[in-house]
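The values are calculated or read from the model by the stated rules, or taken from the named source; none is laboratory data. No experiment lies behind these values; they were computed from the predicted model shown. Methodologically, a virtual Cβ is constructed for each residue, glycine included, from the backbone with ideal geometry; neighbour enumeration extends over all protein chains shown. Remember, those area values only see protein heavy atoms, side chains included, never the ligands or the DNA or RNA. Shrake-Rupley method; radii C 1.70, N 1.55, O 1.52, S 1.80 Å.
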Amino acid sequence: WVHAVLVYDSKDAYMYINGEHMGTVRHSGGLTRNYTEDSAEADYLIHLGGRAPTGESLLLKKGSKINRFRLYGGPMSAEEVALLYADATKANVILPFEDVAEDAWYVDTVRYVYETGLMNGASATVFDPSANTSRAMIVQMLYNMEGRPAVEYKSTFTDVAEGAWYADAVIWAYESGVTSGSSATTFSPDALVTREQLAVFLFRYLRDYKGAVVSLSGDLSAFPDGGTISTYTDFKEAVQWATGEGIITGKTKADAVVLAPADRAQRCETATIFARFHKIFVR
């Protein structure tokens, strides 16, 4: 893949390829050149009318696939473009998961949670995007987001064995007040999480553990099933917050966009929701 940036400051146009300045076109009257469909340049997606230091025209062939496009509110310096390229290189890490297609709707968020260390695969080569998410997975992701602080094992829950891959995460989550058990003596690590429960995990992490002031700005009436959220404690508030922040959006069912609060949260959905949360409140 190629990272291409065209910077125009109302007078001069600069082309950067993979973070390096490749050429400049100077115009006293602005950048106004146009091409007709039958011109030679019509075969190219982007043509900067100058030459690179090595003599090649600065061209991107028409038909190239554009994975990401960003338009910024002002010209950037060479240093800023170099930083963008560094970020793009990191964001385009090659996923090792054979079951995550490059055109899957969730590929970018799976890449994000994998690269940031928030979420691992079900194995070294499988992400299992359609599998449901468990309580153990959620607390492990929150623990990863917090930087995996050291904990001392305590047998608070009879169903969390010392040495279990999620044991430290459960201990941290319980002791820090991020979550409680399913009973006084059990955590139920394998219990599956619904979409509304996922909202509650993130809501309590932000409000109770981080001490943040949350805004309940989501309009649940915009969804035909907005009134079906569980009445437990702060479930409605959590979903209202999550929708207001754009962390949880609707899903299409029978040609209608619904919240589906009681649906099991698939791993691909969980990756997407955590990625949105991380970008807004952590990154």
- How many residues does region 194-211 contain that are open to solvent by 50 Å² or more (accessible area, probe 1.4 Å) and in a helix (DSSP H, G or I)? 5
- Message: Being out of contact with any strand residue (DSSP E or B) (no Cβ under 7 Å at 6 or more places or on another chain) and of a type in the set (G, A, S) is the requirement here; does A150 meet it?
- Response: yes
- Note on the structure: With criteria (1) of a type in the set (G, A, S); (2) surrounded by 14 or more Cβ atoms within 10 Å (Cβ to Cβ); (3) under 17 Å from F274 (Cβ atoms), G246 comes up short on (2)
- Message: Any residue at all in region 125-145 that's without any contact (Cβ under 8 Å) to a residue 24 or more places away in the chain and either more than 24 Å from Y209 (Cβ to Cβ) or basic (K, R) (or both)?
- Response: no
- Query: So which residues in region 76-129 are open to solvent by 30 Å² or more (accessible area, probe 1.4 Å) and of a type in the set (K, R)?
  - Reply: K90
- Task: Hey, could you check region 221-238 for residues that are of a type outside the set (G, A, S) and over 13 Å from R195 (Cβ atoms) and say which is least open to solvent (accessible area, probe 1.4 Å)?
- Result: D234
- Scanning region 123-148 for residues that are at pLDDT below 95 and touching an Asp or Glu at 6+ places or on another chain (Cβ under 9 Å) gives T125, R148
- For region 186-193, state whether one or more residues are in a helix (DSSP H, G or I) and buried (at least 16 other Cβ atoms within 10 Å of the Cβ). no
- Message: Being of a type in the set (D, E) and surrounded by fewer than 17 Cβ atoms within 10 Å (Cβ to Cβ) is the filter here; which residues of region 142-158 pass it?
- Response: E152
- Task: Please specify each residue of region 269-283 satisfying the condition of being within 15 Å of W105 (Cα to Cα) and open to solvent by 70 Å² or more (accessible area, probe 1.4 Å).
- Result: R276
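Yes/no per residue for (1) among the hydrophobic types (A, V, I, L, M, F, W, C); (2) at pLDDT 85 or above; (3) touching a helix residue (DSSP H, G or I) at 6+ places or on another chain (Cβ under 8 Å):
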{"position": "T24", "(1), (2), (3)": "no, no, no"}
{"position": "S39", "(1), (2), (3)": "no, no, no"}
{"position": "H47", "(1), (2), (3)": "no, no, yes"}
{"position": "G50", "(1), (2), (3)": "no, no, no"}
{"position": "T54", "(1), (2), (3)": "no, no, no"}
{"position": "L60", "(1), (2), (3)": "yes, no, no"}
- Message: Which pairs turn up if I take residues in region 1-21 that are farther than 15 Å from F69 by Cβ and look for partners that are among the polar types (S, T, N, Q) and buried (at least 18 other Cβ atoms within 10 Å of the Cβ) with beta carbon separation below 9 Å, at least 6 apart in sequence or on another chain?
- Response: none
- Message: Cβ contacts < 8 Å: first residue touching a residue at least 24 places away in the same chain (Cβ under 8 Å) and in a loop (DSSP other than H, G, I, E, B), restricted to region 263-283; second residue open to solvent by 30 Å² or more (accessible area, probe 1.4 Å) and basic (K, R), any location; separation 6+ or different chain. Result?
- Response: D263/K251
